[in-house]
Amino acid sequence: MGTKMPRMTTQTLRVLGAFTASQPREISGAEIAKGTNLQSGTLYPILFRLEEAKWLESRWEEGDPRELGRPRRRLYELTALGEQSARAAFREVTNMIGGLLWEHC
Amino acid sequence: MGALLIAIGIASAVSSQVLADEFKAWAPWLIKKFVAFAIRRLPEMHRERYEEEWTCFVAEIPGDIGKVLAAVGLGCAGIKIAFELNKNKQALTTNGSKNKKSSLVVRIIIFNMAAVCLLDAVLVYGLRHFCQIENGYRIQQKLSPIIVPNLVLCSVLFFAALAIFAFFFSWLDNRARGKGPSDGIISTDFKPHEH
């Protein structure tokens, strides 16, 4: 199940870009939203689709919510498949933009 | 004029302060309601996880207005994710495709039968009308015994076939439901909530 290719929209690319650019490999939804300027209504369905496609995996932040004083964060990480697919998608977009520039210049 | 402007200024300052305080007081309730709405859209197995995740997400957004807007966005996210899950479920269950196919077949059959009946009725009535004008009473008399039984037969056949197909497909549907996968979500490898 769930191994179907997610739709490659500009928002999806932005989310994947946030993962490739982030220094800690695991980031929370709020950090992704901050990095991509995406609204929660757009971001979470994308994260869901990427996770279903096994491009992302997630786990709970370590620590007790009572000790942390807030609910735990869900941390997302790009999988090997996700990294490979993201790189391929970026390459494709770069080639496409390069081709367009070549045609118009 | 000056006094009026000062009065308006004071009144608007006081009212905006009151409104801001009201909003501040109501914001947590609103956020809770929106997050609960978003969570209710999701299937049971995903609710616990997203409730904690989204509560944390909203808490990390600065400002009350930002928090409320994020919670509204989560409502949309809940709807979209539920739609996505439903789509996956329909695509992966045999029930979904079977029902889809069977409903298509039923529609085609009903449409064809209705078209045949309509065509038949039009032809018969058209012929009768034509005969009345062209040849008068004699030919109409010859045709009239054909018209009524033909239409009655068509209608009886149509409703009989409709009933047979309705029974047949409800039986098929019941059988498929009995043997098919459960109504749960198909994604079995989704990470459950860890406590």
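Averaged across the residues of B:70-79, what count of C-beta atoms belonging to other chains lies within 10 Å of each residue's C-beta? Don't jump to the answer; show the numbers that get you there.
Working: counts 6, 1, 3, 8, 5, 2, 6, 11, 4, 2.
The per-residue average across the peptide is 5.
Report, to the nearest 10°, how far helix A:10-21 tilts away from the longest principal axis of the Cα atoms in chain A, using its own Cα long axis and a range of 0 to 90°. Approximately 70 degrees, to the nearest 10.
Between the amide H of A:S28 and those of A:Y76, distances stay under 5 Å, these residues lying 5 or more places away or on another chain, with hydrogens modeled in the peptide plane. Distance from the alpha carbon centroid of the stretch B:30-84 to that of the stretch A:40-82 works out to 14 angstrom. Coupling constants for the stretch A:50-57 follow from the phi torsions by the Karplus curve (6.51 cos²θ - 1.76 cosθ + 1.60, θ = phi - 60°), and in residue order they are 5, 5, 5, 7, 6, 7, 10, 9 Hz; glycine and proline get x.
Dipole check for the stretch B:2-91: with +1 at the C-beta of Lys and Arg, -1 at the C-beta of Asp and Glu, and the Cα centre as origin, the magnitude is about 380 Debye.
Amide H contacts under 5 Å for A:L56: A:E51, A:T79, restricted to partners 5 or more places along the chain or on a different chain, H placed in the peptide plane at 1.01 Å from N.
Considering only Cα-Cα distances, which of the following residue pairs are longer than 19 Å: A:K54/B:K89; B:K67/B:K87; A:K4/A:K54; B:K24/B:K80; A:K34/B:K67?
Distance filter (> 19 Å) returns B:K67/B:K87; B:K24/B:K80.
By the count of neighbouring beta-carbon atoms within 10 Å, fewest first, A:K54, B:K33 end up ordered B:K33, A:K54. When you filter the chymotrypsin sites (Phe, Trp or Tyr not before Pro) in the stretch A:10-75 for DSSP loop state and at most 14 other Cβ atoms inside 10 Å of their Cβ, nothing is left.
We did not get these values from a lab; they are worked out from the coordinates using the rules stated. The model shown is predicted, which means the values in this text are computed figures rather than measured ones. Glycine also receives a Cβ, built like all others from the backbone with ideal geometry; neighbour counts cover every protein chain displayed.
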